[in-house]
Amino acid sequence: MHTPQKPLGSGHTAHSTTLDVIRGRDLTGRLAIVTGGHAGLGLEAARTLSEAGARVIVPARSVDRARRAIAEIGGRIEVGRMDLTDPDSIDAFARAIVQSGLAVDILVNNAGIMASTRLERDARGNELQLSTNHLGHFQLTNRLWPALRRAGGARVVSVSSLGHHLSDIVWDDINFERRAYDGWIAYGQSKTANILFCVEVDRLGRDDGIRSFSLHPGGIVTGLSKHIPIEQLKEAGYLGRDGEPVIDPDRDMKSIAQGAATHVWCAVSQQLAGMGGVFCRDSDIAALDTGEVSRDGRRVYGVAPYAIDLEAARRLWRMSESLLGIFGVGPVAV
């Protein structure tokens, strides 16, 4: 059964941090892989999992830079070489994990880019935000499937965003070949893809003990926002006059520790045992978006119905296989 898209009443809030959600958990003997785990939210998630006893591996395009960033926090985190837009690089990283005989207990698909101002494509011609945010993680998860199966209870966590409300999948032109490029629309489409991917991973993986979750971390000013002009961030209220990030969790403006809390909650919370295929926020399952407005007149955003549609999830899986040419790798969609 697909887990209902309904809050659990987890006891956590927008103010909860990674320390709040990891408290009491011992991850000794577990293996976690965190893409983008050398910066921002990914680094915070990787550090938290590591400090709870997990062995953590961070795949990164620049191994030296990743190691320097991890060394700055005193982390005991391993780094491997991988570029999410390079299929050979993904295959090599995953092959080493699978052939080692390791079981992957936690895969956090965290790395991404946001709102690129100009249209860029990967070597296969796919739009770069779709390629980095979705297709690279699609290939990685497929290639790691045997190692996820070995865990006998793995979780795949995909970092999406409320930005998925910006665009559904544009099925007849997913790669902006016939329509004008818009960086925010491309970002929104890739974030919808993250959620649909989560739904289908959970459907296909359930019998292998693999459960999947997607999430909105919150509005956090990190390196991910490098394409957004500083003045625009100030006008939107994310930066103060002094240029420092505004922290106001009640308005979804979070610190890095608050933003990464939902990553960690999805990865380890026992409250999610036997569940999967849902979109989460504020360390709880998010509500389905109904257009509700709160007492203060603000929209109460949940997950858009199109982003958790079961048939759309199957369709995206088939399309992703076609775009990547990796049919039948890992689970086979039926």
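Annotations
- Yes/no for Ile90 being assigned to a helix (DSSP H, G or I), closer than 20 Å to Val264 by Cα, under 21 Å from the mean Cα position of the chain (by Cα) and of a type in the set (Val, Ile, Thr): no
- Of note, Arg95 does not satisfy the criterion of being among the basic types (Lys, Arg), surrounded by 17 or more Cβ atoms within 10 Å (Cβ to Cβ) and over 21 Å from the mean Cα position of the chain (by Cα).
- Flag if Arg178 is among the basic types (Lys, Arg) and either crowded, with 19+ Cβ neighbours inside 10 Å or in a loop (DSSP other than H, G, I, E, B) (or both): yes
- Between Arg25, Arg61, Arg30, Arg67, the distinction of being surrounded by fewer than 20 Cβ atoms within 10 Å (Cβ to Cβ) and touching a residue at least 40 places away in the same chain (Cβ under 8 Å) belongs to Arg25 only.
- Number of residues in region 122-145 that are of a type in the set (Lys, Arg) and either part of a helix (DSSP H, G or I) or modelled with pLDDT of 95 or more (or both) equals 1.
- Selection status of Thr262, modelled with pLDDT of 95 or more, within 25 Å of Gly36 (Cβ to Cβ) and within 22 Å of the chain's Cα centre (by Cα): yes
- For Val156: the one exception among (1) more than 24 Å from Leu102 (Cβ to Cβ); (2) outside any helix (DSSP H, G or I); (3) in contact with an Asp or Glu (Cβ under 9 Å, 6 or more places away or on another chain); (4) among the aliphatic types (A, V, I, L, M): (1)
- Reported count of residues in region 10-32, each being touching a helix residue (DSSP H, G or I) at 6+ places or on another chain (Cβ under 9 Å) and either assigned to a loop (DSSP other than H, G, I, E, B) or modelled with pLDDT under 95 (or both), is 11.
- Test result for Arg81, without any contact (Cβ under 8 Å) to a residue 60 or more places away in the chain and touching a helix residue (DSSP H, G or I) at 6+ places or on another chain (Cβ under 7 Å): yes
- Among the residues of region 181-196, those that are in a helix (DSSP H, G or I) and under 16 Å from Glu127 (Cβ atoms) comprise Gly183, Trp184, Ile185, Ala186, Tyr187, Gly188, Gln189, Ser190, Lys191, Thr192, Ala193, Asn194.
- Exactly one residue out of Leu148, Leu119 is in contact with an Asp or Glu (Cβ under 8 Å, 6 or more places away or on another chain), assigned to a loop (DSSP other than H, G, I, E, B) and either in contact (Cβ under 8 Å) with a residue 40 or more places away in the chain or basic (Lys, Arg) (or both), and it is Leu119.
The values are calculated or read from the model by the stated rules, or taken from the named source; none is laboratory data. This structure is a prediction, so every number in the text was calculated from the model and none was measured. Neighbour counts run over all protein chains shown; Cβ positions are idealised from the backbone, glycine included.
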